[in-house]
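Some notes on the structure that comes next.
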Amino acid sequence: MYQSDRGDYRTKQSLLGMFWNSCLGKLVVFGVAIGILLIIAAITAPSEDYMMSEMTDNLCQHLERPDSILTDQLDDGVYNVGYIFSSSKTQDKRALLATFNRFNRLEYFDHGIYSTTYIFNNYHPEGVRSGIGLFGIVIPTIYRGDIVLEMSSMRKDYNYKPVQDDGEEEYESSMPQFYNPEDLEYEAEDLE
C-alpha cells in the first residue's frame, strides 16, 4: 500500500493557536475572564450609603405589607424580588423606621467584591442576613420572622408560676394500682 503523505502530520498553526487549544491555555483564558469579573464586581459593589438607603426602603416596603398567617417564606421571596424594582409608597418613613429601630439594628458589612446587611435583635443576637449588594444591585433577603416589632413578657409577674399548684396531690389516685397491699396481708395469713 502506498501512502502519499509519508508521515507528515504537522499542521500549520501559530504559537498562539497551539496555546489556545492546549489545556493550560484554556485555564489561563478562564482565569483572566474570572479576574475581569472580580474587578468589575469590586468596582461596582454598593457603598455603605447606597446599601443602607436601599435597605431602609426595602424594610419600609416590607413593613407596609400586611402580616398574614397564610404567607410563608416563598411569598417573602417573591416580595423580595419585587422590592428590587420598586420603592416604598410611604412618604414619611420615620414612623416605620422608628418601630423597626426600637428592637432591631441594621448593620452594613463590606466584603470587597460584594456587601451585605445584617439585622441584629434579641431573637437573632448573632445577626441574620437581610440584603446582598452585588454588581450595583441590592437584593433584599428579608423574612417576616427575622424582624422583632414588639416585645412582651414571657411570664406575667416575677413570682407568677406557670403551673398553678393548689396543694392537692391527685397524682397518686390517678396512677394505676397493680396490687393492693391489704391483699398481700390476707394471702400471708392464708399461707400460715
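The values are calculated or read from the model by the stated rules, or taken from the named source; none is laboratory data. All values derive from a computational prediction rather than experimental measurement. Reconstructed Cβ throughout: ideal geometry from the backbone, glycine too, with neighbour counts over all protein chains shown. Ligands, DNA and RNA are stripped out before the accessible areas are found, and what is left, the full protein with its side chains, is counted by its heavy atoms. Shrake-Rupley method; radii C 1.70, N 1.55, O 1.52, S 1.80 Å.
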Looking only at the stretch 88-115, count every residue that is within 20 Å of residue 47 (Cβ to Cβ), part of a loop (DSSP other than H, G, I, E, B) and open to solvent by 80 Å² or more (accessible area, probe 1.4 Å) and tell me the total. 2
Quick check: is even one residue across the stretch 72-85 open to solvent by 60 Å² or more (accessible area, probe 1.4 Å), in contact with a strand residue (DSSP E or B) (Cβ under 9 Å, 6 or more places away or on another chain) and either assigned to a strand (DSSP E or B) or modelled with pLDDT of 80 or more (or both)? no
Residues in the stretch 41-53: is at least one touching a helix residue (DSSP H, G or I) at 6+ places or on another chain (Cβ under 9 Å) and open to solvent by 50 Å² or more (accessible area, probe 1.4 Å)? no
Return the pairs, sorted by first residue and then second, in which the second residue is open to solvent by 80 Å² or more (accessible area, probe 1.4 Å) and not in a helix (DSSP H, G or I), the first residue lies in the stretch 26-54 and is over 14 Å from residue 107 (Cα atoms) and among the β-branched types (Val, Ile, Thr), the beta carbons are less than 8 Å apart, and the residues are 6+ apart or on different chains. 40/135; 44/135
